[in-house]
There are 2 protein chains.
Amino acid sequence: MNIADNLELIKKISIPSPSKIVLLVIDGLGGLPNPKTGKTELETASTPNLDRLAAKSICGLIDPVSPGITPGSTPGHLALFGYDPVKFYTGRGVVAALGIDFDLKPKDIAARGNFCTVDSSGLITDRRAGRIPTEECTELCQLLDGIKIEGVKLFVRPVKEHRFAVIFRREGLAPEVGDSDPQQTGVAPREVKALNPQADTTAAIANNFIAQVRAVLASHQPANMVILRGFSQLPDIPTMSDIYKLKSAAIAVYPMYRGLAKLVGMKLLETGAAIKEEFDTLKQNYADYDFFFLHIKSTDSAGEDGDFNRKVSAIEEVDKALPTLTGLEPDVIVVTGDHSTPALLKSHSWHPVPVLLYSKWCRADRVGEFSEQACISGGLGRFPATQVMPLAMANALKLAKFGA
Amino acid sequence: MNIADNLELIKKISIPSPSKIVLLVIDGLGGLPNPKTGKTELETASTPNLDRLAAKSICGLIDPVSPGITPGSTPGHLALFGYDPVKFYTGRGVVAALGIDFDLKPKDIAARGNFCTVDSSGLITDRRAGRIPTEECTELCQLLDGIKIEGVKLFVRPVKEHRFAVIFRREGLAPEVGDSDPQQTGVAPREVKALNPQADTTAAIANNFIAQVRAVLASHQPANMVILRGFSQLPDIPTMSDIYKLKSAAIAVYPMYRGLAKLVGMKLLETGAAIKEEFDTLKQNYADYDFFFLHIKSTDSAGEDGDFNRKVSAIEEVDKALPTLTGLEPDVIVVTGDHSTPALLKSHSWHPVPVLLYSKWCRADRVGEFSEQACISGGLGRFPATQVMPLAMANALKLAKFGA
């Protein structure tokens, strides 16, 4: 049975009930051992609360996409929410637009943009324009929002710092075009190229937009140019409510994760940015939903920066806040990550991610600490991340028997 | 996501790089415990080098096809190379023809043949004609190569000892015909039967060929007849270079494994037949390729013969040669088998096969010896053999991130 079939099955047997599930995603959780100590970030961190929870949970290791595949955040999260991460993959543009609560229509083409800096020859010197403040980004977006392209409605909206979203609205646009973002400095932004003939118009519109932007921004330092990537359209994706009959809410600070949550139909909760504040947001909204996606970003950021110790500290901060969650006594608690981000690799990686699942009915194993090594011996074994949600649903007694 | 989708994904994200992968396949590696000692062949063998390598590797158990399925050598190897072993399965004929470097064309029908001995009633008394020497096989093939069939170009080529390949070249031939080889003695060779109407012509040609062979060989003892099996056509299979962007080479002595390597586009290296010589061949060619398939046959032969101790010795011989491989310091080393061949069963079996994967980034587990029992607790868990290549590619940093 493939994953799509599994979703159909789950949809048939899921039942609404008052039980509550909390999915805590510690972004980039998995790591690699520090050569000096032989311990990963999670193994180094002092995590008494996670360890105590692991001791009464069933543990294992998940592959977000499949063994060997390093997932981006989108496939990593889609899999955790139970969706085939290849089939339902969507580009960064859609996720960015949804993350800022833009009312994206099914035919819209959305792209993620960066304000960047180019030198007098047009070569990129800074892909993030010195991470201009969000206020400046907002002003520049208002400027660009005034650009006119015949027959096209366009929207330029700020995301955060140097990041923005651009949306092209017109009938008959196809999203299959390449990025203008070359993902490196010292070169010029690329021309947007159609990847198939149906997308010729999209490419022409994007290039027209970029040419006008260049003129509008010419005198603005350091944000004197833009680079675009992840041109995409809303995928045809069933919501969490369709599949699981859950009333779901997301607690996430970064727009991208808010966008991913919105894509699958979650309500986006307002929250403070600190880890402790995110857990407080869970407590404040606990009565109103039966599924919570609680996203922690700082672990991944530290891993991407290659800062082993900062990742350790971020994990410890999550551990300190955990009693706020466990004190609510959810029927099911899942703690995991959307992928590994070992500080040693300074990037996402393919390594499987520790997962623990607590419920009254979980059939706890003998794993007594939450770590990569300990989870190898867990009762869940090593399994695809798409199976996390069916397991959580089952443990919340929200899945009826299949067949007589 | 099924395996075919996975190949498509890998093809999109694989990147050429100078890092090197060595896949050491110890044929029929997995075994069953000797009832007297409770230890398998691998557990009985003294393997200090493999154990040392296992200690710094991540280990597990692979299912070549799926749990319970006993694979032949073709599906076993296809899976290790990352191909769906059911979808891409091809018959013995194609593998035999490729293994002797015959220039097989896409429409050719190839079959594997044995010279055999029949008695005066035409019943088979020896399926291998006393394993005639390769020289005699070569002479007899020259005789048979002269057989004429109207409208058909035919080629008869020696393989090794009693083995040969026959190729029928004509437009419009379908490969779906049964074997003439009954796989037992005391019965007559079978008539070749079409398994569907499209294959009627192929069956008629094969039976015509066999009838003429019978007349030509009548006076040749002990090789007075032939039996044919594995009628097949080249499958439509992407190469290792297509999928992984690898420059791959094979070190294998037996024609069948050379044929399998050629099928997926590997360069076949000339090599001495002894285990030590195969490892020397690796060393001599190490600079010129970034992927090596190194195949050891004697473990499987010993298992098939039911010779527990000979299999133990063969494993020990591999262990002794291992430092030649590890001394080259490949970025990724995989050691495994294409299936189990327990001496107790005297045949291939369905038991999962120990696997170790070493790289700087492998996230080593606590497995300190290379054995069936120890690998149960390995960090890779139990998984399909088709995932070995994606893992090797990831560990060689030859796979880009999937999705943003």
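The values are calculated or read from the model by the stated rules, or taken from the named source; none is laboratory data. This one's a predicted model, so the numbers in the text were calculated from it and none came from an experiment. No Cβ is skipped: glycine too gets one built from the backbone with ideal geometry, and neighbour counts run over all protein chains shown.
All but one of (1) within 24 Å of the chain's Cα centre (by Cα); (2) within 22 Å of residue B:254 (Cα to Cα); (3) not β-branched (Val, Ile, Thr) hold for residue B:139; state the number of the condition that does not hold.
In the conditions (1) within 24 Å of the chain's Cα centre (by Cα); (2) within 22 Å of residue B:254 (Cα to Cα); (3) not β-branched (Val, Ile, Thr), residue B:139 misses (1) alone.
Of the residues A:295, A:351, which single one is outside any strand (DSSP E or B) and at pLDDT 95 or above?
Going through A:295, A:351 in turn, the sole match is A:351.
Among the residues of region A:325-338, are any under 24 Å from residue A:380 (Cβ atoms), part of a helix (DSSP H, G or I) and more than 14 Å from every other protein chain (Cβ to nearest Cβ)?
The answer is yes; a qualifying residue exists.
Among the candidates B:356, B:391, which residue alone is within 14 Å of another protein chain (Cβ to nearest Cβ), at pLDDT 95 or above and within 25 Å of residue A:345 (Cβ to Cβ)?
B:391
Report the residue count in region A:344-354 for those that are surrounded by fewer than 24 Cβ atoms within 10 Å (Cβ to Cβ) and aliphatic (A, V, I, L, M).
Total meeting the criteria: 2.
Being within 25 Å of residue A:255 (Cα to Cα) and out of contact with any Pro (no Cβ under 8 Å at 6 or more places or on another chain) narrows it down to one of A:157, A:163, so name that one.
None of the others qualify; the one that does is A:157.
Give the number of residues within region A:233-283 that are among the polar types (S, T, N, Q), under 30 Å from residue A:12 (Cα atoms) and not in a loop (DSSP other than H, G, I, E, B).
2
For the subset of region B:146-162 comprising residues that are part of a strand (DSSP E or B) and aliphatic (A, V, I, L, M), which member is surrounded by the fewest Cβ atoms within 10 Å (Cβ to Cβ)?
B:149
Quick one: is residue B:337 farther than 12 Å from residue B:26 by Cβ, at pLDDT 95 or above and of a type in the set (Gly, Ala, Ser)?
Answer is no for this residue.
Considering only residues that are within 12 Å of chain B (Cβ to nearest Cβ) and small (Gly, Ala, Ser), which ones fall in region A:39-73?
A:60, A:66, A:68, A:72, A:73
Against the condition assigned to a helix (DSSP H, G or I) and within 11 Å of chain A (Cβ to nearest Cβ), how does residue B:404 come out, does it pass?
no
Give me the residue from region B:163-195 that is among the aliphatic types (A, V, I, L, M) and part of a loop (DSSP other than H, G, I, E, B) and, out of that set, surrounded by the most Cβ atoms within 10 Å (Cβ to Cβ).
B:192
So, of the residues in region A:251-292 that are under 20 Å from residue A:315 (Cα atoms), under 14 Å from the mean Cα position of the chain (by Cα) and modelled with pLDDT of 95 or more, which turns out to be surrounded by the fewest Cβ atoms within 10 Å (Cβ to Cβ)?
Here the answer is A:253.
Pull up region B:295-333, narrow it to residues that are under 22 Å from residue B:270 (Cα atoms) and among the aliphatic types (A, V, I, L, M), then point me to the one that is farthest from the chain's Cα centre (by Cα).
Ranking the qualifying residues of region B:295-333, first place goes to B:328.
Check off (1) of a type in the set (Lys, Arg); (2) in contact with a helix residue (DSSP H, G or I) (Cβ under 7 Å, 6 or more places away or on another chain); (3) touching a residue at least 40 places away in the same chain (Cβ under 8 Å); (4) more than 14 Å from chain A (Cβ to nearest Cβ) for residue B:310 and give me the number that stays unchecked.
(3)
What are the residues in region B:201-225 that are touching a residue at least 40 places away in the same chain (Cβ under 8 Å) and in contact with a Leu (Cβ under 9 Å, 6 or more places away or on another chain), if any?
B:202, B:205, B:206, B:209, B:212, B:213, B:216, B:217, B:220, B:223, B:224, B:225
Test of understanding: among B:145, B:200, B:181, B:242, which residue is charged (D, E, K, R) and closer than 30 Å to residue B:279 by Cα?
Checking each option against the conditions leaves just B:242.
Going by the conditions given, is residue A:222 out of contact with any strand residue (DSSP E or B) (no Cβ under 9 Å at 6 or more places or on another chain), at pLDDT 95 or above and part of a loop (DSSP other than H, G, I, E, B)?
No: the conditions fail for residue A:222.
Scan region B:306-336 residue by residue and report those that are over 13 Å from residue B:275 (Cα atoms) and among the hydroxyl-bearing types (Ser, Thr, Tyr).
Passing the criteria: B:326, B:336.
Considering each residue of region B:320-347, count those that are of a type outside the set (A, V, I, L, M) and in contact with a Gly (Cβ under 7 Å, 6 or more places away or on another chain), and give that number.
7
What's the number of the condition residue A:355 fails, among (1) in contact (Cβ under 8 Å) with a residue 24 or more places away in the chain; (2) over 22 Å from residue A:20 (Cα atoms)?
With (1) in contact (Cβ under 8 Å) with a residue 24 or more places away in the chain; (2) over 22 Å from residue A:20 (Cα atoms) applied to residue A:355, the lone miss is (2).
Can you tell me which condition residue B:394 does not meet? The list is (1) assigned to a helix (DSSP H, G or I); (2) in contact with a Leu (Cβ under 9 Å, 6 or more places away or on another chain); (3) of a type outside the set (D, E, K, R), and all the others hold.
Every listed condition holds for residue B:394 apart from (2).
Among B:108, B:63, B:101, which is the only one that is touching a Lys or Arg at 6+ places or on another chain (Cβ under 9 Å) and either without any contact (Cβ under 8 Å) to a residue 24 or more places away in the chain or at positive phi (or both)?
B:101
Is there any pair with a first residue in region A:1-15 that is within 14 Å of chain B (Cβ to nearest Cβ) and more than 10 Å from residue A:243 (Cβ to Cβ) and a second that is assigned to a loop (DSSP other than H, G, I, E, B) and modelled with pLDDT of 90 or more whose Cβ atoms are under 6 Å apart and which are 6 or more apart or on different chains, and what are they?
From residues that are within 14 Å of chain B (Cβ to nearest Cβ) and more than 10 Å from residue A:243 (Cβ to Cβ), the pairs are A:3/A:84; A:4/A:84.
If residue A:87 meets every condition in (1) at the interface with another protein chain (Cβ under 9 Å from one of its Cβ atoms); (2) more than 15 Å from the chain's Cα centre (by Cα); (3) at pLDDT 95 or above; (4) over 24 Å from residue B:357 (Cα atoms) apart from one, which number is that one?
(3)
Inspect region A:121-138 for any residue being farther than 21 Å from residue A:224 by Cα and in contact with an Asp or Glu (Cβ under 7 Å, 6 or more places away or on another chain) and give the result as yes or no.
Looking through region A:121-138, none of the residues is farther than 21 Å from residue A:224 by Cα and in contact with an Asp or Glu (Cβ under 7 Å, 6 or more places away or on another chain).
Could you list, in sequence order, the residues of region A:284-338 that are on the phi > 0 side of the Ramachandran plot and in contact with a Leu (Cβ under 8 Å, 6 or more places away or on another chain)?
Of everything in region A:284-338, just one residue is on the phi > 0 side of the Ramachandran plot and in contact with a Leu (Cβ under 8 Å, 6 or more places away or on another chain), namely A:306.
Being touching a strand residue (DSSP E or B) at 6+ places or on another chain (Cβ under 9 Å), among the small types (Gly, Ala, Ser), more than 14 Å from every other protein chain (Cβ to nearest Cβ) and surrounded by fewer than 22 Cβ atoms within 10 Å (Cβ to Cβ) is the filter here; which residues of region A:359-379 pass it?
The one that is touching a strand residue (DSSP E or B) at 6+ places or on another chain (Cβ under 9 Å), among the small types (Gly, Ala, Ser), more than 14 Å from every other protein chain (Cβ to nearest Cβ) and surrounded by fewer than 22 Cβ atoms within 10 Å (Cβ to Cβ): A:364.
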